[in-house]
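Data first, discussion second: the structure below is written as structure tokens.
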Amino acid sequence: MNKGIKASSDDIWKNRVDKVNAELFTLTYGSVVAQLVRDFKNDYQKVNQQLEKMGYNIGIRLVEDFLAKTGTGRCQSFKDTAEVVSKVGFKVFLNVTPQVTNWTSDGKTFSLILDENPLAEFVELPDDERAKKELWYSNVLTGVLKGALEMVQLEVDVNFVSDVLRGDDRTELRLQLIRFLKDEMPAGED
Amino acid sequence: MTIFSFWIFDRHCNCIYSREWTQVLNPATESSGTINAKANEDNAKLLFGVLFSLRNIARKVGDTPEQENTLNSFATAKYRAHFYESPSGLRLCILSDLETQNLQTQLRDVYSNIYVEHIVKNPLSPVDFKPGSKITNQRFIRLVDRYLGPQ
Amino acid sequence: MIQSLFILNRSGGLIYQHDLNDGLNKLSANEHLILAGTIHGVFAIASKLTPTAVKVSAQPRAQSQGSAVNGNTSGLKSIETDKFSMYIFQTLTGVKFLLVTDPAQGDLNSGCDTAENVLRKIYALYADYVMKNPFYEIDMPIRVDLFDRKIAELVKAL
């Protein structure tokens, strides 16, 4: 099944996805973060929250595009969800394939390790001590994942654990399944 | 062509006959199933609701001054329901598998050859059913089984 | 020939209605809302009415590859009447697309498959022109001119 997913997501990336200049993308995101920092007067917690809210709004819309273009069906388990998110989702939208690791024994939490992060290319966090300790530069990703998975009836908690921009050795996102939103599950699915 | 169940609703919106065939998969055993089972009461009400609503939609959207639009069938990914309503308000419904396309002739046959012959023309069987009472006429049940049941 | 398209949000509220041809009666806005709500309810009840014999043995019909898998495994899929047919497509997020067309000729199942393909294309247009519109609020009525135009173009091209 893994070979199948990888091949189809490669094909979708090559042929069915419009592409944009990477520099433009990085600069646009960068200017958003910079403006937020200015607007909130360096209150990095508020910036993180705002980025997550924006990501949530993106995620709830992005998921329909994802479902319509890739034709993915419902995942049978959270493990399947992890595979689809990392191998198809990230590939189609960011052209990166993060690694899925660090599964807990109950299979409800896992980590995504991003080897490269297109949002943060050429970025260096400002030198005041608080930025490196408090700001999660790519926090929009947590919102996107939360929003997208909520639209398919999975409530998940998504957090950054480490970020190379902060001086850690790798960028790691932790996703924890809180519950299935059974009452919102659309009728007619067995 | 596999038929799962057969239902009749009178013009007072009550279910007056329900027949379910459950041994459809194993033709060797005698056909069994339920006739007018109490457990099917809720299903009967749900089915009637669905048929009534869809029939109203069909009329609302498709009626023209020349001709009334009628609901023929609806389908899910698992089964198809065929519907026939007589001008007297008697509603017949068959649930079948998806391969079966059109049972309108069969429904009309059951109505005119079995119901009209053995219930309407039978002076001893009620035509206006009180709520809760069902068709128990043995000949009717046998003929329906022979006509619609697994061969 | 396609007569009209309805889109319902997750709670069954009507968010889009477009008459593409005028073969059928014009309904008022209220009647459209009632129709939408009715279909939403009937969709779920049809799932509950699945005969027990089917639940035991069901062979899923082969689905076309490469497009959005239909999450609708047991809800209402199609309605046939003398004057029109209606087909229903539900996405994994609970959004329903209803297509009203001329009555099906010939094999009902293949008519259903054709309609499903059209609905998948419409779903792709929805994901593009509605979801990506930053001023559109989710679950609210769709008032996006670009979407109307694209739908009309798609239907004309069929």
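The number of residues in the range C:104-152 being facing chain A (nearest Cβ under 10 Å), over 14 Å from C:I7 (Cα atoms) and among the aromatic types (F, W, Y) comes to 1. Just for the range B:106-150: of the residues that are touching a residue at least 40 places away in the same chain (Cβ under 8 Å) and out of contact with any strand residue (DSSP E or B) (no Cβ under 9 Å at 6 or more places or on another chain), which one is farthest from B:I16 (Cα to Cα)? Of everything passing the filter in the range B:106-150, B:Y147 is farthest from B:I16 (Cα to Cα).
Would it be correct to say that C:N70 is modelled with pLDDT under 90, crowded, with 16+ Cβ neighbours inside 10 Å and either in contact with a Pro (Cβ under 6 Å, 6 or more places away or on another chain) or within 14 Å of chain A (Cβ to nearest Cβ) (or both)? Write out each step before concluding.
Numbers: modelled with pLDDT under 90: yes; crowded, with 16+ Cβ neighbours inside 10 Å: yes; either in contact with a Pro (Cβ under 6 Å, 6 or more places away or on another chain) or within 14 Å of chain A (Cβ to nearest Cβ) (or both): yes.
Taking the combined requirement at face value, the residue satisfies it.
Just the residues that are over 21 Å from C:L92 (Cα atoms) and in contact with an Asp or Glu (Cβ under 6 Å, 6 or more places away or on another chain), please, taken from the range A:145-166. Hits for the range A:145-166 are A:V161, A:S162.
If you go through the range B:57-70, how many residues are within 8 Å of chain C (Cβ to nearest Cβ), outside any loop (DSSP other than H, G, I, E, B) and not β-branched (V, I, T)? Qualifying residue count, the range B:57-70: 3.
Of the set (1) in contact (Cβ under 8 Å) with a residue 60 or more places away in the chain; (2) under 28 Å from A:F40 (Cβ atoms); (3) not in a loop (DSSP other than H, G, I, E, B), all apply to A:T81 but (2).
What pairs can you find where one residue is in the range B:10-23 and assigned to a loop (DSSP other than H, G, I, E, B), the other is modelled with pLDDT of 85 or more and among the β-branched types (V, I, T), and their Cβ atoms are less than 8 Å apart, with a gap of 6+ or different chains? What qualifies is B:D10/B:I16.
In the range A:57-69, is there at least one residue being part of a helix (DSSP H, G or I) and over 17 Å from the mean Cα position of the chain (by Cα)?
Looking only at the range A:57-69, we keep the residues that are part of a helix (DSSP H, G or I), and these are A:57-69.
Next cut, over 17 Å from the mean Cα position of the chain (by Cα) only: A:68-69.
The answer is yes; a qualifying residue exists.
Whenever a residue of the range A:161-181 is of a type in the set (G, A, S), its partners that are surrounded by 14 or more Cβ atoms within 10 Å (Cβ to Cβ), lying with C-beta atoms within less than 8 angstrom and at least six residues away or across chains, give the pairs A:S162/A:T171; A:S162/A:E172; A:G167/A:K132.
Being polar (S, T, N, Q) and free of Cβ contacts under 8 Å to residues at least 60 places away in the same chain is the requirement here; does A:T101 meet it? For A:T101, the condition - polar (S, T, N, Q) and free of Cβ contacts under 8 Å to residues at least 60 places away in the same chain - is met.
Under the condition of being of a type outside the set (D, E) and either part of a loop (DSSP other than H, G, I, E, B) or over 17 Å from C:F97 (Cα atoms) (or both), the residues counted in the range C:118-147 number 13.
The values are calculated or read from the model by the stated rules, or taken from the named source; none is laboratory data. Bear in mind that the values here come from a model prediction, so they are computed numbers and not experimental data. All Cβ positions, glycine included, derive from the backbone under ideal geometry; neighbour counts span all protein chains shown.
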